[in-house]
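Report on the following structure.
The values are calculated or read from the model by the stated rules, or taken from the named source; none is laboratory data. No experiment lies behind these values; they were computed from the predicted model shown. Every residue, glycine as well, gets a Cβ built from its backbone with ideal geometry; the counts of neighbours run over all protein chains shown.
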């Protein structure tokens, strides 16, 4: 960025910022690179010099894009920078569901010697909803492991591995032994009570995409009534989760702290891509990943 005449100011924060700190964050800046903290209309309205806001990641739910567009501020994300990381965590969560790894490790550390029987991924049906970069990556991994892969997407890939099938979302939901979400936020959940009701009672639901893709109240009800075997979630409707979140009460729910894209490699790629988006926008070019 300095090579392009820009003066970067680094403003790290541990935990959430106060409202006043948020409002001061963007003042005086002509460009900004942000992570997942909320970018509100109030912040954007007071950032009168701001011309480009770049998300160092794929999701931009936390940015008020309508207000940005109204105020003439470009917003860009960094698509494709962390799909390998997301797919790898998805695989890790699937393996944990199949092998009970965290439970066995906790028992061993507590002085026990648990011999819990796991299951194999080979031969199981992997249902993938969404076929962007991370969806494609986990589908390829599933096929390599000998899983039957069935994908629900509005954009089927005719050049995909012939072992990967495409079907409507409802067919994918009902067929999957492991159902993993890799779709964009749509404003309404993709997985609600109706689709949870048709999942196999031996199936696991995995979400490393967006918390809003799942109706969590419906998920809690489905888990309570043992409609599905369990869930592994890296993203939630509200983060961080509260101490009284009912999802904490289930032994067959494993939750990680929104870290699918938090690898050293992915963070470096995301930072460089976001910096390039700022450079391009301020230089009169259209950034890759332009949203508004």
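Residue count for the stretch 1-38, restricted to those that are at pLDDT 90 or above and closer than 24 Å to residue 86 by Cα: 2.
Checking the condition at pLDDT 95 or above and over 23 Å from residue 197 (Cβ atoms), which residue from 93, 145, 126 passes?
Details: 93 fails: over 23 Å from residue 197 (Cβ atoms); 126 fails: over 23 Å from residue 197 (Cβ atoms).
Just a single option satisfies the conditions, and that option is 145.
Residues that are surrounded by 14 or more Cβ atoms within 10 Å (Cβ to Cβ) and either in the same structural domain as residue 211 (by TED's automatic domain parsing) or assigned to a loop (DSSP other than H, G, I, E, B) (or both) within the stretch 12-34 comprise 17, 26, 29, 30, listed in sequence order.
I'd like to check something: does the stretch 64-74 contain any residue that is within 20 Å of residue 267 (Cβ to Cβ) and either in contact with a helix residue (DSSP H, G or I) (Cβ under 8 Å, 6 or more places away or on another chain) or outside the structural domain of residue 120 (by TED's automatic domain parsing) (or both)? So far as the stretch 64-74 goes, no, none of its residues is within 20 Å of residue 267 (Cβ to Cβ) and either in contact with a helix residue (DSSP H, G or I) (Cβ under 8 Å, 6 or more places away or on another chain) or outside the structural domain of residue 120 (by TED's automatic domain parsing) (or both).
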